[in-house]
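Please treat every number below as a calculation from the coordinates, not as lab data. Since the model is a prediction, treat every value here as computed from it, not as a measurement. Note that we place each Cβ from the backbone using ideal geometry, even for glycine, and neighbour counts take in every protein chain shown.
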Amino acid sequence: MQNENIPQSVTLAVVGDEIPHKRYEDLTFMDDFMFGKIMSDRQNCKHFLEILLHIDPDTEIADPTAQAAIRNSPDAKAITVDIRTHDLLSEYDIEAQKQIRPNLPKRARYYQSMMDIDFECAHGGALKSKIRNEVSDAHKNSRMVFLCASSSSACTICLAKGCRSSPR
């Protein structure tokens, strides 16, 4: 007997006029919906960052936000990051990619610059010190993680400074 309060499928994306559905049983970690649900849990996200980026286990992170939109100007194109969170020292963007694309390093730099601008705007542009063009130590590090899974036997982690592959 199925519970009537639990949906049996989830809408993944709109393709043309069709809206494909996938049953919960068929979702994987890399599906956008499932990735967002799992990684928006603070403990799951923190544990992921501890393992991957070696952040201190005592570090507290803010509640992760799934599908966070960043728009720095009324006429600029917005970006939507899969998971966004921060701690006292860094801003984190965690992206799930089902396939590895050659433009990931450029995309990482673009996303990182958008996060930097967003952080500065949120703090009223007060990150500039009294000495002209010297950035204050208060500016957080932007850390980008692109988690890529493909049909090959390797899982690739792309950080802003490059990629590394490891066996599954």
Just check the range 23-102 against the gyration tensor rule for me: Cα atoms, a ≥ b ≥ c as the square roots of the eigenvalues, rounded for a/c under 1.5, and otherwise prolate or oblate depending on whether a/b exceeds b/c. oblate
Could you tell me the calculated FRET efficiency between H21 and L88, based on Cβ-Cβ distance and R0 = 45 angstrom, to the nearest 0.05? 0.65
Over 20 Å (Cα to Cα) among K22/K98; K37/K98; K46/K140; K22/K106 -> K22/K106
Tally Lys and Arg at +1 and Asp and Glu at -1 over the other residues with C-beta under 10 Å from the C-beta of T59: what net charge comes out? -4
Classify the range 56-113 from the C-alpha gyration tensor, please: rounded if a/c falls under 1.5, else prolate or oblate depending on whether a/b exceeds b/c. oblate
How much length is gained if the chain between F29 and D41 is pulled fully straight, taking 0.36 nm per residue apart and subtracting their Cα-Cα distance, in nm to one decimal? 3.0 nm
